[in-house]
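A short write-up of the structure that comes next.
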Amino acid sequence: MGIEDAHDVGIEDAHDVGAEFELRLRGADDPPVTLNQIGEFGLLQRIRRKVPARSAMVRIGIGDDAAVLRIPPRRELIVTTDMLVEAVDFDPAYGSFRQIGIKALAANLSDVAAMGGRPFAFLVGLAVPGRMSVRAVDDIYDGMLSLARRHRVALIGGDTSASPKGMLITVTVLGEVEPGRAVTRSGARVGDRIYVTGTLGDSRAGLEILKRRKRRKGSPSPAIESSLIRRHFFPSPRVAFGRLLGRRGWAAAMIDLSDGLASDLRHLCEAGGVGARLESERLPVSAALAAYAGRLGRSAPDYALRGGEDFELLFSVRDKDSAAVEAAARRMSLSVTAIGVIVSKRRGISVIEKGGREVPLTLRSYEHFMQR
């Protein structure tokens, strides 16, 4: 997807996820055909039939021992991979298999966006129990391919295996970027403005709602809750805008918000040897999140700081480039918000709360091996 695209497009089937969740709670029967019945090669044939015609960069795709790609001249290759483990990174009880597939690919596309690159191909490693229905696997791939089509990314291969318990999904995405134009986490400098795209905290709130509804077996959710659940299931990787920031050299440092603002800002600051000062009242939250947090007597900015899996972009910009960045975002109908400034490392990372009190940012978001 080039920078000429007006904006990152949403998912076409972001329908009433609340209704779909209720259906799953009632235990709708899966089709009788399982992976045990069709076997690995039967599954591979089904996957191959789903893959559209090869793109210009794919010379040999699915069906051979390996893929062969055409790398354009004067380009560098970006490679990123994520592993998703059932009961750790996702729970099929909370949503459909199609939604799981969408999110698995979205996480990796967001990583490429944060490097200022253009994704063009991906591979999928899938391990599932043999008793799992064929339709469930179809839905996982259908979800990934629906998002792949929107970003013109080709599925070029992967692997399948049996799992004794639970699902394991590994997605690897390949991207390209002009030499020397990849944006890293380490380029922030004192005086840079700190920006984020979109709104923050919706995904965390959506997951919280799903967990609560599962415990009490659910009831139809109001529009506010449905909006937050939809944001959890259907993230929008900011590929076009990340690409623009990289090509124009506007982003000094950039990271995607997968673990949450509190943790990912810390990663960016540690990489650059700097500190940061945020303004709590400037953290962008949606109207739905503000209403939801208010109803519970909680802080919406706290959701924004802690919430993971927003898959928005966090980036620093030299002061001289800030006006150009904001103007470009307006042209692309994308919300970007200046939420703070980069300061010296000795000042640490802090938040200016309502009323002007500055406090150290001690919040941390999700971290594997530390949440048990």
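The values are calculated or read from the model by the stated rules, or taken from the named source; none is laboratory data. Please read all numbers here as calculations on a predicted model, not as lab measurements. Please note: Cβ atoms are built from the backbone with ideal geometry, for glycine as well, and neighbour counts cover all protein chains shown. These accessible areas exclude ligands, DNA and RNA; they are computed on the full protein's heavy atoms, side chains included. Shrake-Rupley method; radii C 1.70, N 1.55, O 1.52, S 1.80 Å.
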Calculated log₁₀ intensity ratio I(q)/I(0) where the Debye formula runs over C-alpha points of segment 86-202, q = 0.17, 0.18 Å⁻¹
-0.91, -0.99
Can you tell me how much longer the chain between S55 and R347 gets when fully stretched, taken as 0.36 nm per residue apart minus their C-alpha distance, in nm with one decimal?
100.2 nm
Shape call for the chain from the C-alpha gyration tensor, a ≥ b ≥ c root eigenvalues: rounded (a/c under 1.5), prolate (a/b greater than b/c) or oblate?
oblate
Ranked by accessible surface with a 1.4 Å probe, highest first, in what order do M144, M57 come?
M57, M144
Return the tail of the calculated pair distribution for segment 162-216, meaning the percent of Cα-Cα pairs more than 15 Å apart.
78
Send over a whole-number figure in Å² for the accessible area per residue of the chain, probe 1.4 Å.
46
Please find the FRET efficiency linking S163 to K320, where r is the Cβ-Cβ separation and R0 is fixed at 56 Å, and quote it to the nearest 0.05.
0.60
Tilt relative to the chain, helix 223-233 - C-alpha long axis, 0 to 90 degrees, to 10
70
Note, segment 200-211: 3J(HN,Hα) by Karplus (6.51, -1.76, 1.60, θ = phi - 60°), whole Hz, Gly/Pro = x, goes 10, x, 4, 5, 4, 5, x, 5, 4, 5, 4, 5
Probe radius 1.4 Å, ligands and nucleic acids ignored: give me the carbon and sulfur share of the accessible area of the chain as a rounded percent.
50
Roughly what % antiparallel, to the nearest 5, for the DSSP beta bridges in segment 45-200?
70
For each pair in K320/K345; K50/K211; K50/K103, compute the distance between the two Cα atoms and list the pairs where it is over 27 Å.
K50/K211
Sequence-distant or interchain residues sharing an amide H contact under 5 Å with G157, placed H: which?
V124
Residues of segment 81-124 with amide N under 19 Å of a point placed 7 Å along Cα→Cβ from R70
118-122
For L77 and E40 in one chain, what is 0.36 nm times their gap in residues minus the Cα-Cα distance, to one decimal in nm?
10.2 nm
Ignoring GluC sites (Glu not before Pro) that are buried or in helix or strand per DSSP, and keeping those with at most 11 other beta carbon atoms within 10 Å, what is the longest stretch of the chain between them?
13-366
Where both partners of a DSSP beta bridge lie in the chain, what percent of those bridges are antiparallel, to the nearest 5?
75
What residues of segment 132-166 lie in the reach of a label at R48, counting those whose backbone N is under 15 Å from a point 7 Å from the Cα along Cα→Cβ?
156-160
Relative to the first principal axis of the alpha-carbon coordinates of the chain, what is the inclination of helix 287-296, with its axis defined by its Cα atoms, in degrees from 0 to 90 and to the nearest 10?
90
